[in-house]
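The values are calculated or read from the model by the stated rules, or taken from the named source; none is laboratory data. All of these numbers come straight from a predicted model, not from anything done at the bench. Backbone-built Cβ (ideal geometry, glycine too); neighbour counts: all protein chains shown. Side chains included, ligands, DNA and RNA excluded: accessible areas come from the protein's heavy atoms. Shrake-Rupley method; radii C 1.70, N 1.55, O 1.52, S 1.80 Å.
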Amino acid sequence: MTFSSSILIPVYNQDPDILRACLRSALWQRGQEVQVVVVDDGSAAPFDALLVELEDEALGALDRHEIQTRGWVTYTRQANGGVAAALNAALSLATGTYIHWLSSDDLYHPDKVAKQVALMERNGASVSYCTYEDGVPHPQTCYPAVQYPTREKLFEDLRQQCFINACTVCWRADFLRKIGGFDPSFRHCQDYEVLLRSAQRENFAALNVPLVRRRVHAGQMLNVLRQKEEQEIKAQELARLNEMYGCTARLWVPK
């Protein structure tokens, strides 16, 4: 079955309550038929029961006409290979015309998919991004999405720093597949790399509406950058991006 959009969610040892909130935000999208593709990247315990519970919950609400969409779950497990490998596995299972990436600890606004797809269809865009907020349940900081006049200016600024949260991005599936999906050789910079590769080819349509909420918590993946060896790996990846794209972005370490 072909869906309007597929939401790709890589999962690794996520807190079940945090994952439950994430999946609900993906399943309960308004005005669109979405496919939610969950790839468990070698977690210690499977999430099968949780996924069945949430899909039944969403379908039950649909029967009561409380939501305007159907969210269908595609789920698979694989040996741990990192975020990009899990995203590529999810992309191989996705049947949507549009592709969204949602981290397993973040949240989508109920209109995220519908509003972003509508923008792209109006503009004929292959890539778009939107505003996001830090803070769950209450927003603390808002990061606006700016419409760039040209692809060249977007690419120039993106090479200086990664100012786009990849979970705000929507790609046309045919475009993302054409450029090769996600690069599993990157452990920390897989988001930055795919954004640069996208911006080499297309300008991004921008929707300055907060449709993604980023959860800030002790267990989020970026906290591994407190470890010296992980900092060194990311520094090496940034050096590679400099060679590939002429990036000047500096290593950021969480405090």
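Of all residues in the range 1-13, those satisfying the criterion of being modelled with pLDDT under 90 and either more than 21 Å from Leu211 (Cα to Cα) or of a type in the set (Val, Ile, Thr) (or both) are Met1, Thr2.
Counting the residues of the range 23-46 that are closer than 17 Å to Ser103 by Cβ and touching a strand residue (DSSP E or B) at 6+ places or on another chain (Cβ under 6 Å) gives 10.
Got a number for residues in the range 110-138 being open to solvent by 70 Å² or more (accessible area, probe 1.4 Å) and not basic (Lys, Arg)?
The total comes to 4.
Restrict the check to the range 181-192 and report whether at least one residue is farther than 17 Å from Ala84 by Cβ and either out of contact with any Lys or Arg (no Cβ under 6 Å at 6 or more places or on another chain) or charged (D, E, K, R) (or both). Looking for residues that are farther than 17 Å from Ala84 by Cβ and either out of contact with any Lys or Arg (no Cβ under 6 Å at 6 or more places or on another chain) or charged (D, E, K, R) (or both), one finds none in the range 181-192, hence no.
Within the range 6-25, residues that are in a loop (DSSP other than H, G, I, E, B) sit with their Cβ atoms under 8 Å from residues that are open to solvent by less than 30 Å² (accessible area, probe 1.4 Å) and among the polar types (S, T, N, Q), at 6+ positions apart or across chains, in these pairs: Tyr12/Ser43; Tyr12/Ser104; Asn13/Ser43; Gln14/Ser43; Gln14/Ser104.
Of everything listed in (1) of a type in the set (Ser, Thr, Tyr); (2) surrounded by 14 or more Cβ atoms within 10 Å (Cβ to Cβ); (3) out of contact with any strand residue (DSSP E or B) (no Cβ under 7 Å at 6 or more places or on another chain), the single unmet condition for Ser185 is (2).
For the range 31-47, a residue qualifies if it is modelled with pLDDT under 90 and either open to solvent by 70 Å² or more (accessible area, probe 1.4 Å) or closer than 16 Å to Thr95 by Cβ (or both), and the qualifying residues are Gln32, Glu33, Ala44, Pro46.
Filtering the range 189-216 to residues that are in contact with an Asp or Glu (Cβ under 6 Å, 6 or more places away or on another chain) and part of a loop (DSSP other than H, G, I, E, B) leaves Cys189, Arg215, Val216. In the range 64-84, the count of residues that are open to solvent by less than 10 Å² (accessible area, probe 1.4 Å), polar (S, T, N, Q) and at pLDDT below 95 is one or more. Against the condition out of contact with any Phe, Trp or Tyr (no Cβ under 7 Å at 6 or more places or on another chain), within 22 Å of Glu237 (Cβ to Cβ) and open to solvent by 70 Å² or more (accessible area, probe 1.4 Å), how does Gln160 come out, does it pass? Considered against the rule, which asks whether it is out of contact with any Phe, Trp or Tyr (no Cβ under 7 Å at 6 or more places or on another chain), within 22 Å of Glu237 (Cβ to Cβ) and open to solvent by 70 Å² or more (accessible area, probe 1.4 Å), Gln160 comes out as yes.
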